[in-house]
Amino acid sequence: MPTDRPNAAELVEAVREFLEDHVAPNVDGQLAFHARVAINALAIVERTMGQGDAMDDAELERLKNLLHRDGNLAELNAALCRAIRAGEIDGQREALLAHLRRTAEDKIALANPRYLVKRG
């Protein structure tokens with residue numbers, strides 16, 4: 001049930017913390033590498049569960065504004081690709097670049113937020 005505790009986010013966090021605090025410090029070599037990969041993957045899942053829907057909603061709204069049409073995220077991203085290839089979006093260069101930059105930043109924020117801090 002979605003309201004039961006622990007919820008999915010809490011379970012993912014607990015597994016990540018267990019790997020980080022108890023497994024990773026006690027293994028080395030290939031197993032340490034795989035533990036770190038698992039920890040990082042779970043951290044991405046945590047961030048996606050917490051921020052992913054809002055980021056998708058914002059991206060969808062930007063796409064609707066750029067393309068002046070409705071659709072889901074996959075449809076509108078495909079439509080944007082077609083519009084770029086056809087040269088139909090050239091008059092909205094600044095809005096397009098702002099959208100692409102924001103979308104890339106959101107994806108990086110989920111995958112590796114430290115990269116954005118390093119880049120400033």
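The values are calculated or read from the model by the stated rules, or taken from the named source; none is laboratory data. On a predicted model such as this, the values are computed, not experimentally measured, just so you know. Neighbour counts run over all protein chains shown; Cβ positions are idealised from the backbone, glycine included.
Data for the structure
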quantity: Search result, residues across the range 65-74 that are outside any helix (DSSP H, G or I) and either at positive phi or among the polar types (S, T, N, Q) (or both); calculated: H68, G71, N72
quantity: Residue, nearest to L110 (Cα to Cα), within the range 28-43, restricted to residues that are of a type in the set (A, V, I, L, M, F, W, C) and surrounded by fewer than 16 Cβ atoms within 10 Å (Cβ to Cβ); calculated: A41
quantity: Condition check for I84: among the β-branched types (V, I, T) and touching a Lys or Arg at 6+ places or on another chain (Cβ under 9 Å); calculated: no
quantity: E88 among the charged types (D, E, K, R), free of Cβ contacts under 8 Å to residues at least 60 places away in the same chain, surrounded by 12 or more Cβ atoms within 10 Å (Cβ to Cβ) and in a loop (DSSP other than H, G, I, E, B); calculated: yes
quantity: Residues satisfying the stated conditions in the range 1-52, i.e. modelled with pLDDT of 95 or more and among the basic types (K, R); calculated: R16, R36, R47
quantity: Subset of the range 57-73 [out of contact with any Ser or Thr (no Cβ under 6 Å at 6 or more places or on another chain) and either among the hydrophobic types (A, V, I, L, M, F, W, C) or surrounded by 14 or more Cβ atoms within 10 Å (Cβ to Cβ) (or both)]; calculated: A58, L60, R62, L63, L66, L67, G71, L73
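One line per residue, one yes/no per condition, for (1) closer than 30 Å to L11 by Cβ; (2) part of a helix (DSSP H, G or I); (3) without any contact (Cβ under 8 Å) to a residue 40 or more places away in the chain; (4) over 13 Å from the mean Cα position of the chain (by Cα):
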residue	(1), (2), (3), (4)
G50	yes, yes, no, no
A54	yes, yes, yes, no
R62	no, yes, no, yes
L76	no, yes, yes, yes
A83	no, yes, yes, yes
L96	no, yes, yes, yes
R101	no, yes, yes, yes
L110	yes, yes, no, no
R114	yes, yes, yes, yes
